[in-house]
1. Has the range 202-211 got at least one residue that is modelled with pLDDT of 85 or more and open to solvent by 40 Å² or more (accessible area, probe 1.4 Å)?
2. Within the range 32-50, which residues are among the acidic types (Asp, Glu) and either assigned to a loop (DSSP other than H, G, I, E, B) or surrounded by 21 or more Cβ atoms within 10 Å (Cβ to Cβ) (or both)?
3. Being crowded, with 24+ Cβ neighbours inside 10 Å, in contact with a helix residue (DSSP H, G or I) (Cβ under 8 Å, 6 or more places away or on another chain) and modelled with pLDDT of 85 or more narrows it down to one residue among Gly100, Gly73; which is it?
4. If we keep just the residues of the range 1-26 that are part of a loop (DSSP other than H, G, I, E, B) and open to solvent by less than 20 Å² (accessible area, probe 1.4 Å), which is modelled with the lowest pLDDT?
5. Can you name the number of the only condition in (1) among the charged types (D, E, K, R); (2) in a loop (DSSP other than H, G, I, E, B); (3) closer than 25 Å to Glu41 by Cβ that Arg142 fails?
6. Picking from Ala29, Ala97, Ala72, which residue would you name as being without any contact (Cβ under 8 Å) to a residue 60 or more places away in the chain, under 16 Å from Ala237 (Cα atoms) and in a strand (DSSP E or B)?
7. Pull up the range 148-178, narrow it to residues that are small (Gly, Ala, Ser) and open to solvent by less than 50 Å² (accessible area, probe 1.4 Å), then point me to the one that is farthest from Gly77 (Cα to Cα).
Amino acid sequence: MPLLHGTYWSPVWQPVLDGIAAAGLRSVAVDFPCFGRSGGELTVSETSVPRLSVWLLRFLEALGQRGPVMVAGYDIGGGVAQHLILAKEAEVPCLAAVNGIIYDSWRIPGVARFRDPAVAAATTRDDVLAARRVFVVKALGRPGKAEIAEYLDPWTDPRVARSWLTLAGAAENRYTQEMLPGPGPIQDAEALGVGRGCPISDGRLCRPLRAGDPGNSAGSDQAAGHIPMKNDPKAVAGALAEFFVAER
């Protein structure tokens, strides 16, 4: 089961890995290309939700994945998980989105401005680091210096900082607008939404991802913030484990 990150990187999933494993589920926290410890550098076109969905298919093939696959996505990773269903290139019987983008709920000014090529070109590595520091401190609540340094470390590499800017520049909600309630591929999968109290999802994620079925949503504590895996790991791991075990 791949666990997909968004504007951060794979350590956002670290606090819930043991809880998921204790339920007998095999999960892999993935770094998208050019994020975290991954190599390379991508263009804006390669960092869109559909292109990351294609990359995820290749990743699953490299792992030797055969048959149905369950997916959990956080932030923009939630959109990638949804698009994987929309593309119909893999059998995804169920997905979970943790504070994930959905429909039109990700118009974030601090990110949207980087869709302007001139703004992105004028943004330095130090600018990215400074902005990411503000978001990390806010998202983690009361992080220690070591934890802040760990989260920020990848962005000290100018290549990774530029890659983050490409992700911000490719953040268009038209990709998830395609999955508005109604007849369509998203209705072919069971879906779980986790994560109230988040400035990005604004609580709207905690409605069913599958139209007309109120049993498919769940929320974590309001104080869990934008990285509930860190701030409320027991609740998030429990919700994910219960959902995926039931659907397995």
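The values are calculated or read from the model by the stated rules, or taken from the named source; none is laboratory data. These numbers were taken from a predicted model, which means no experiment stands behind them. Cβ coordinates were reconstructed from backbone atoms using ideal geometry, including for glycine residues, and neighbour counts include every protein chain displayed. Surface accessibility is based on the protein's heavy atoms, side chains included, excluding ligands, DNA and RNA. Shrake-Rupley method; radii C 1.70, N 1.55, O 1.52, S 1.80 Å.
1. For the range 202-211, residues modelled with pLDDT of 85 or more and open to solvent by 40 Å² or more (accessible area, probe 1.4 Å): absent.
2. Residue satisfying the conditions is Glu41 alone.
3. Going through Gly100, Gly73 in turn, just one is crowded, with 24+ Cβ neighbours inside 10 Å, in contact with a helix residue (DSSP H, G or I) (Cβ under 8 Å, 6 or more places away or on another chain) and modelled with pLDDT of 85 or more: Gly73.
4. If we take residues in the range 1-26 being part of a loop (DSSP other than H, G, I, E, B) and open to solvent by less than 20 Å² (accessible area, probe 1.4 Å), then Thr7 is modelled with the lowest pLDDT.
5. (3)
6. Selected residue: Ala29, the only one of Ala29, Ala97, Ala72 that is without any contact (Cβ under 8 Å) to a residue 60 or more places away in the chain, under 16 Å from Ala237 (Cα atoms) and in a strand (DSSP E or B).
7. Step one: of the range 148-178, the residues small (Gly, Ala, Ser) are 149, 161, 163, 168-171.
Among the residues that remain, those that are also open to solvent by less than 50 Å² (accessible area, probe 1.4 Å) are: 161, 163, 168-171.
Details: Ala161: 18, Ser163: 15, Ala168: 13, Gly169: 15, Ala170: 13, Ala171: 11 Å.
Once the filter is applied, the top-ranked residue is Ala161.
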